[in-house]
Every structure is written in structure tokens, then in C-alpha cells.
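Have a look at the structure below, then the notes.
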Amino acid sequence: MSDYESFLYDSHAFAETHPDRLGTLGRLFGMETAPPDGCRVLELGCGLAGNLVPWGALYPKSEFVGVDLSRRQIEVGQADVDALGLTNVRLFASDIMQITPELGPFDYIVCHGVFSWVPEAVRERILAICRVHLAPQGVAYISYNTHPGWRIRGMIRDILRRHVKPGDAKLKIHQGRELISFLTAHLPAGKSRAAAWMKEELDLIQRMSDAYLLYEHLVDENTPFWFTEFVERAGKVGLQYLGDADFSSMTAWPYGEQATAQLDALTNNLLETEQYLDYLGMRFFRRTLLCRQEVDLNRHFEGRCLDGCWLAPRFARVGPGEIRVRGDIPIDISDPLVDAVLDIILCYPAGIYLDRLLTLGAEQIEGETTPEQLAAVQTTLLELYAMDAVELGRHRRPWIPVVDTRPRTPSFARRYASMSGSVTTLKHRNVTVDLLDRAILLRLDGRHIDDIYTAIWRDLTHQRLEVSLKGAPVTGRDQVIALVDEKLERFAQVGLLMAPGTVDVGHLDLDEEEPDQSP
Ligand SMILES: C[S@@+](CC[C@H](N)C(=O)[O-])C[C@H]1O[C@@H](n2cnc3c(N)ncnc32)[C@H](O)[C@@H]1O
């Protein structure tokens, strides 16, 4: 019996596996990819189906198929599918080795957190399935641990595995955490750089979930691959490297112009260049996109690749003509039109389509803007995308960053809130929620905001919920209103509030609330 039967993995949604993300990347490279609301997606090793359930609710015209060896995990995922009444998500408790061609072609195949962690025969099968099941313009996403970073991180795994004795999952986790606590308490971080590095890594692992510790560091199988080695293996079965799920990781920009020039001199081979970038970044994890060998890819990007895309900000404005990305990397913006366009992007956290963006940008600038100027802006925006300053997509993002009088959260977020302290947002990420968050999320079904205040107030007065503010219990209705408003603001920022007109076919019947008997 696999450990996953007795100790379930965490349920997660991964934004980088989203069909819109994969499809947008494919289109940048010249492919004719399918839209998220008209595609077939296969997920290998789907775990609890945390990726597929939200997509099923939001894209009823698409079909989502998940396969996982663990019967128990599939049962949990199926319970979510059933609770939401989704008819377009099919989950199978099956070995990847048993998948047969009848499943048909898929526009997207996702295999996250599986490839490094399964035996060699299963790895071979994963690549073969991608070859057989990818539609002609399909994109496969496979993540895996990679060198050189994992070579160092794997040292900690070796130490933990030497300490942990065979036994059940909980015991192994207990022993693992025990050793981590011992090491972090006594490593001479102030005296040795190696010890300081190790302590930092162990602190990170200590903050991760039990499931992560177990399945990354304590299980038997965990094989890292060099990037070029992985691509070569894929090539042997007729698949080619499309790109990385993080487009910005494919260039040397974070290391500066000199590094870029020197790297060009070291190698002019695309794959080797990325391999060298892995040395610079000490990369330990990769999310590689593949497509069929016969697809004719375009690797000469032009601004017009952005036609039809929306853009959302990933930068911070520091001052006029200057932004920062990834927290601390400064980028100077010399063109006033680009600077104006960036200010507009900042006003649209959920994204703005390029044509509207350019129209608004042109209105901000005195005098006529020529088509050449707008084309140049598009080119700069593409460069900014490669610098991780903006996010791109093609399909409208379904969340709004503001709270209206009838706030709605998607059906799957309400379902997850009813079950656990981690919910999936409309950005397709997980956020941690406390009891008050959960009580509010359950009520975000389109009812008026006053009724939400009342429901939470009722929870408090009926002692179904305890909430404190600065250490003192909340007792007044005004306090409840202020707290709920604060929570709703956070939901708006993290992407838990649905934009008007969003399709969500999930239905959730939660128990009727008790009638209000409070004075
Ligand atoms: C680390 S979990 C990742 C789950 C999910 N993809 C995620 O990233 O959250 C690995 C998953 O692969 C599944 N798995 C392992 N070997 C498998 C096989 N031969 N066939 C199908 N699923 C398998 C496990 O049951 C487990 O759910």
C-alpha cells in the first residue's frame, strides 16, 4: 500500500499549471492552443484533484480527467466533485501504467510533483502518455527536481532518511521533525557559512506541511534530473521543449547585462543556455513545458505576440520612470508612454486587455500617438513580461479586486471553506483561512452584505463562533461589521471575489442556518 493511502497529500491548486497559462505560453511560441473554456485536460497524479475541481466549476464546456494511484485521495476529490455537482470532471483511481489510448487526445496534460517521485518505469510511461495523448497543438507540463540545486538540497534529505526508521507516516514525520529541531537549535550558523545555509534550509522545511516533509524528504523515491537530460529523454519519445512555465526564468535578465553577454559567448545553444542559467540560479525545481516534436515553434518573439492578451501587474512603482520587480530588482522606464501604460496596469490588478490598455495609454499622452509608438510599447511590454514585471493571459480573469454589495465567492471556495483551512482562489492559488474567514466565505453566495453581517453576528451570539479583537472577545455588532469588512477587503485582494457575469456551474447545498432568534 502506498503512503498516500494512509497519509493524504495536501490539496493544492497550482497557478502555473492553469490551461490559460499553458495556452498563452504556447501561443507566444506560435502554437494554436485551446482556450480554457473549450479544452480537454488530463492530470497525471492529480492527488485530491485540487487543480481540476476549480477548473471544472469555471469552465463547463471543458473536460477534466484526473488519474491517481491512491484510491483514498481520489475518493476525497470525488466527494468535492459530487458535492459541487460537476459533470465535466472525471477522476480515476488508477496506476499511470494502466492508462490506455481510449482516454483520447488532450489539449493539456499536467503532471505536477510526480515525475521525480515515481519509479523509472512510471517516468517513462508519463513521457509516453504525453506523446500518445497530446493533441497536435497540445501542451504538456511536467515538474521535477533538478540539478544543481537539488544536489545540495538532497543532502538534507539524505541526513533525514538516515535518521528516520521504517514505520508509519506519522512516526516518520515525528522523527524527521525531531532531527530538524535538534539541528536548527545547535548548528553553529554564526561560525560556518555551510551551517548557516543548512539552518536556513531546515527552517524552511520546518515551516512546510507534514505531507511535504514526508513526500519530498522521507519517501524512497526522489530522483533529480539535469534540465538537458530531461529534455533529451523527452526528445527520445517524440516530444520537444516548448519553454518553462515561468517564462522569465528562460532569460539571464536578473543577473544583468554583463552576465547575459558572457553567457551568449559561452554557449549559443538554447538548451545549454537554460542549463547554465540553472547553475546561476542554483535551480532545484523545474516546470517544463513540452509539445509534439513536429510542432513548428517560433522563438523570435515580437511585440505582436501580445495581441489578444491581458496584462496584470507584478511590479511595484518606486517613482516616475522606475519600477521594481521581485521585491528588489530595479527597472528604469525611459519612455513616458510606457510609464503611463504601467500606471494603468497598476489600476487593474485582475488584468486589462492589451487593446484597451493601449487606448487608455494613448489618451494619457499629449498629442497623437503613432502606430509605431504603440508597437514599440508592445515590444517593451513583452520585455517586461520576460522580466517578470507583468503577468499575461488570454482568457478573462474571473475575479474582482473590489467588494460590492453582493459579494460572491466561487462554489469551490465555499466547499473548501466548509471542509478545511485552505481554500482555492480565482487566481488558482491556495490561501490559508481562519474560522472567521471560513464562516464569511460560506455566506458569499450573492446575498446582500447586510445579510452577511447578520449571519456572522448570529454565529457569535449563538456561540457557533468566537472572535476576538486585540485579545478581547468581540461583542458588538459594529465590531462585527468592521471585522467582516476587513476580511472582505483581503478576499478581494487575494482573488476570492468573483467578477459579475462569471460562469460557475458548481452548486453547493449547505445546511440552512438556524433562524435568527437573537434580539
Ligand atoms: C507528491 S503527490 C502530488 C499530487 C499533486 N499532483 C500535487 O502536486 O499536489 C504525488 C501523487 O502521485 C501519485 N502517484 C504516484 N505514483 C503513481 C502512479 N504510478 N500512478 C498514478 N498516480 C501515482 C500519488 O498517489 C500522489 O497523489
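The number of residues in segment 425-462 being among the hydroxyl-bearing types (Ser, Thr, Tyr) and surrounded by 18 or more Cβ atoms within 10 Å (Cβ to Cβ) comes to 3.
Restricted to segment 421-519, the set of helices (runs of 4 or more DSSP H) holding at least 2 residues that are among the small types (Gly, Ala, Ser) comprises 477-494.
State yes or no: is Lys172 surrounded by fewer than 12 Cβ atoms within 10 Å (Cβ to Cβ) and either outside the structural domain of Asp10 (by TED's automatic domain parsing) or aromatic (Phe, Trp, Tyr) (or both)? Steps first, answer last, please.
Numbers: surrounded by fewer than 12 Cβ atoms within 10 Å (Cβ to Cβ): no; either outside the structural domain of Asp10 (by TED's automatic domain parsing) or aromatic (Phe, Trp, Tyr) (or both): yes.
In short, no.
Which ones in segment 113-152 are within 16 Å of the ligand (Cβ to nearest atom) and among the basic types (Lys, Arg)? Passing the criteria: Arg123, Arg125.
Among the residues of segment 38-49 satisfying the criterion of being within 18 Å of Asp20 (Cβ to Cβ) and in contact with a helix residue (DSSP H, G or I) (Cβ under 8 Å, 6 or more places away or on another chain), which is farthest from the ligand (Cβ to nearest atom)?
My answer is Cys39.
Residues considered: Leu204, Leu280, Leu242. Of these, the only one that is modelled with pLDDT of 95 or more and exposed (fewer than 14 other Cβ atoms within 10 Å of the Cβ) is Leu280. Would you pick out the residues in segment 1-37 that are modelled with pLDDT of 95 or more, within 21 Å of Thr432 (Cβ to Cβ) and either β-branched (Val, Ile, Thr) or more than 7 Å from the ligand (Cβ to nearest atom) (or both)? Residues satisfying the conditions are Ala13, Ala15, Glu16, Thr17, His18. Taken together, the residues in segment 88-107 that are more than 14 Å from the ligand (Cβ to nearest atom) and in contact (Cβ under 8 Å) with a residue 12 or more places away in the chain amount to 8. The condition of being more than 16 Å from the ligand (Cβ to nearest atom) and farther than 29 Å from Glu124 by Cα holds for only one of Leu160, Leu204, that being Leu204.
Here's the yes/no breakdown for (1) of a type in the set (Lys, Arg); (2) assigned to a helix (DSSP H, G or I); (3) over 29 Å from Gly501 (Cβ atoms); (4) outside the structural domain of Ala140 (by TED's automatic domain parsing):
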{"position": "Glu16", "(1), (2), (3), (4)": "no, yes, no, no"}
{"position": "Ala34", "(1), (2), (3), (4)": "no, no, no, no"}
{"position": "Val67", "(1), (2), (3), (4)": "no, no, yes, no"}
{"position": "Gln73", "(1), (2), (3), (4)": "no, yes, yes, no"}
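From the list Leu213, Leu179, the one residue that fits, being within 16 Å of the ligand (Cβ to nearest atom), touching a helix residue (DSSP H, G or I) at 6+ places or on another chain (Cβ under 7 Å) and assigned to a helix (DSSP H, G or I), is Leu213. For segment 349-378, the candidate set comprises residues that are in contact with a helix residue (DSSP H, G or I) (Cβ under 8 Å, 6 or more places away or on another chain) and among the β-branched types (Val, Ile, Thr); within that set, the residue that is modelled with the lowest pLDDT is Ile365.
Show me the strands (runs of 3 or more DSSP E) found entirely inside segment 288-338 where at least 1 residues are surrounded by fewer than 17 Cβ atoms within 10 Å (Cβ to Cβ) and in contact with an Asp or Glu (Cβ under 7 Å, 6 or more places away or on another chain).
322-325, 329-332
For residues that are among the hydroxyl-bearing types (Ser, Thr, Tyr) and crowded, with 16+ Cβ neighbours inside 10 Å, scanning just segment 95-127, find the one that is farthest from Glu32 (Cα to Cα).
Out of the qualifying residues, it is Ser116.
The values are calculated or read from the model by the stated rules, or taken from the named source; none is laboratory data. None of the values given here were measured: they were computed from a predicted structure. Every residue, glycine as well, gets a Cβ built from its backbone with ideal geometry; the counts of neighbours run over all protein chains shown.
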